[in-house]
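Enquirer: The structure that follows is given in the form of structure tokens.
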Amino acid sequence: MLKLCVAGAAGRMGIAIIKTAYSKGIQTVGAIESLNCPVVGKTLRDIGISDQDTKILSCDQLASALSDADVFVSFTSPIADLQNIPIAVNQGKRVILGTTGFTSEQNSTIINTLNGKVPAVFSPNYSVGINIFFKLVDILKVFPSEYDFSINEIHHTGKKDAPSGTAKKLGELISNMRNYTKTITGRDGMSSRLPDEMEITSMRTGGVSGIHTLTIAGPHEMLRIEHTAFSRDTLAQGAVYAAEWLSKQNVPKIYSMADVLGLT
């Protein structure tokens with residue numbers, strides 16, 4: 001039976017992952033939270049996440065929380081992962097990493113920590129639909145040069161990083177395809193669009209789980225492709241799919257959700 005250790009276990013994503021895994025018969029045998037979190041010392045059963053008696057430990061006890069796990073799952077914060085991922089790697093644990101908001105330097109550090117050490121999946125979005133969306137970009141290269149590509153993303157007011165990791169990934173794919181060399185994340189005053197610009201805008205409002213819209217507009221027509229996440233459960237579902245798939249991989253490298261879904 002596949003066994004997980006989940007970081008941020010009492011957070012919204014952590015809860016969704018644990019519940020989704022439990023519904024599939026996958027046990028969460030390790031759980032951690034921040035040092036001052038009030039649920040530290042309580043079990044998953046105590047706080048109503050699942051019928052498991054796994055005790056939630058503080059993040060400084062990660063090595064202990066990982067001891068019986070096959071896969072470490074983290075959707076937390078860059079600072080937390082810079083501390084936690086090396087511990088998981090040192091214990092030879094497979095890693096599912098869904099945290100976003102890394103700086104370029106932090107991202108390089110995480111990649112260097114994982115690559116060639118353990119099998120890992122590192123993705124800005126674990127939604128099945130979004131990863132198929134990424135794949136669709138290949139088809140869009142047939143649009144003539146006078147068509148402009150723009151991205152808009154909407155998330156809840158609590159999301160800290162902008163643009164979202166998903167929008168950045170989509171923007172990178174499109175920029176590479178269209179030879180855009182600059183990304184514009186907002187306009188003010190006199191600011192006409194230049195031919196080498198990728199445009200990404202962000203909104204933070206209410207409790208929106210995530211809406212990503214790609215607009216391709218030419219002189220006489222427009223195509224719009226949109227993905228809407230109804231809840232965090234779509235990310236949790238993908239993360240659990242990835243954990244199941246990763247448990248069967250033995251090559252120590254960083255995989256993508258495209259690998260998990262067989263889209264490569």
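The values are calculated or read from the model by the stated rules, or taken from the named source; none is laboratory data. What you see is a predicted model; the values in this text were computed from it and never measured. Cβ: placed from backbone, ideal geometry, glycine included. Neighbour counts: every protein chain shown. In case anyone asks, the SASA skips ligands and DNA or RNA and just uses the protein heavy atoms, side chains included. Shrake-Rupley method; radii C 1.70, N 1.55, O 1.52, S 1.80 Å.
Enquirer: Please specify each residue of region 1-12 satisfying the condition of being among the hydrophobic types (A, V, I, L, M, F, W, C) and either at pLDDT below 95 or open to solvent by less than 10 Å² (accessible area, probe 1.4 Å) (or both). Talk me through it step by step, then tell me what you get.
Expert: Kept after step one, since they are among the hydrophobic types (A, V, I, L, M, F, W, C), are these residues of region 1-12: 1-2, 4-7, 9-10.
Met1, Leu4, Cys5, Val6, Ala7, Ala9, listed by residue number.
Enquirer: What's the number of the only condition in (1) open to solvent by less than 60 Å² (accessible area, probe 1.4 Å); (2) of a type in the set (Lys, Arg); (3) over 29 Å from Ala120 (Cα atoms) that Lys159 fails to meet?
Expert: Unmet condition: (3).
Enquirer: Could you list, in sequence order, the residues of region 177-194 that are outside any strand (DSSP E or B), free of Cβ contacts under 8 Å to residues at least 40 places away in the same chain and not hydrophobic (A, V, I, L, M, F, W, C)?
Expert: Across region 177-194, the qualifying residues are Arg178, Asn179, Tyr180, Thr181, Thr185, Gly186, Arg187, Asp188, Gly189, Ser191, Ser192.
Enquirer: Considering only region 227-257, state which residues are outside any helix (DSSP H, G or I) and among the hydrophobic types (A, V, I, L, M, F, W, C).
Expert: If the condition is that a residue be outside any helix (DSSP H, G or I) and among the hydrophobic types (A, V, I, L, M, F, W, C), then Ala229, Phe230, Val251, Ile254 are the ones that fit.
Enquirer: Also, I was wondering about something else. Residues that are outside any strand (DSSP E or B) and open to solvent by less than 10 Å² (accessible area, probe 1.4 Å): does region 105-115 have at least one?
Expert: Within region 105-115, one or more residues are outside any strand (DSSP E or B) and open to solvent by less than 10 Å² (accessible area, probe 1.4 Å).
Enquirer: Taking the residues in region 138-156 that are part of a loop (DSSP other than H, G, I, E, B) and free of Cβ contacts under 8 Å to residues at least 60 places away in the same chain as candidates, determine which candidate is surrounded by the most Cβ atoms within 10 Å (Cβ to Cβ).
Expert: My answer is His156.
Enquirer: If you don't mind, another one. Within region 59-83, work out how many residues are within 19 Å of the chain's Cα centre (by Cα) and open to solvent by less than 10 Å² (accessible area, probe 1.4 Å).
Expert: Number satisfying all stated conditions: 5.
Enquirer: While we're here: Which condition does Ile47 not pass, out of (1) outside any loop (DSSP other than H, G, I, E, B); (2) open to solvent by 20 Å² or more (accessible area, probe 1.4 Å), if it passes all the others?
Expert: (1)
Enquirer: Determine, yes or no, whether Lys135 is of a type in the set (Lys, Arg) and farther than 29 Å from Arg204 by Cα.
Expert: So Lys135 does not fit the description; no.
Enquirer: Evaluate the following for Gly129: is it closer than 24 Å to Tyr180 by Cβ, among the small types (Gly, Ala, Ser) and in contact (Cβ under 8 Å) with a residue 40 or more places away in the chain?
Expert: Details: closer than 24 Å to Tyr180 by Cβ: no; among the small types (Gly, Ala, Ser): yes; in contact (Cβ under 8 Å) with a residue 40 or more places away in the chain: yes.
Criteria not met by Gly129.
Enquirer: Of the residues in region 164-176, how many are touching a residue at least 24 places away in the same chain (Cβ under 8 Å) and farther than 16 Å from Ala229 by Cβ?
Expert: Here is the first cut: in region 164-176, the residues touching a residue at least 24 places away in the same chain (Cβ under 8 Å) are 164-171, 173-174.
In the following step, the residues that additionally are farther than 16 Å from Ala229 by Cβ were identified as 168, 171, 173-174.
Here the count works out to 4.
Enquirer: Quick check on this structure: which one of Ile200, Ile174 is assigned to a helix (DSSP H, G or I) and either out of contact with any Cys (no Cβ under 7 Å at 6 or more places or on another chain) or open to solvent by less than 40 Å² (accessible area, probe 1.4 Å) (or both)?
Expert: The conditions single out Ile174.
Enquirer: Any residue at all in region 205-218 that's surrounded by fewer than 14 Cβ atoms within 10 Å (Cβ to Cβ), farther than 27 Å from Lys159 by Cα and out of contact with any helix residue (DSSP H, G or I) (no Cβ under 6 Å at 6 or more places or on another chain)?
Expert: Of region 205-218, the ones surrounded by fewer than 14 Cβ atoms within 10 Å (Cβ to Cβ) are 205-207, 218.
Right, trim to farther than 27 Å from Lys159 by Cα and you get 218.
Subset that is out of contact with any helix residue (DSSP H, G or I) (no Cβ under 6 Å at 6 or more places or on another chain): 218.
Yes; the residues of region 205-218 include at least one that is surrounded by fewer than 14 Cβ atoms within 10 Å (Cβ to Cβ), farther than 27 Å from Lys159 by Cα and out of contact with any helix residue (DSSP H, G or I) (no Cβ under 6 Å at 6 or more places or on another chain).
Enquirer: Follow-up question, since we're still on this one. Out of Lys42, Lys93, Lys24, I need the residue that is open to solvent by 30 Å² or more (accessible area, probe 1.4 Å) and either aliphatic (A, V, I, L, M) or touching a residue at least 24 places away in the same chain (Cβ under 8 Å) (or both). Which one? Walk me through how you get there before you give the answer.
Expert: Values: Lys42 fails: either aliphatic (A, V, I, L, M) or touching a residue at least 24 places away in the same chain (Cβ under 8 Å) (or both); Lys93 fails: open to solvent by 30 Å² or more (accessible area, probe 1.4 Å).
Lys24 is the lone residue from the list that is open to solvent by 30 Å² or more (accessible area, probe 1.4 Å) and either aliphatic (A, V, I, L, M) or touching a residue at least 24 places away in the same chain (Cβ under 8 Å) (or both).
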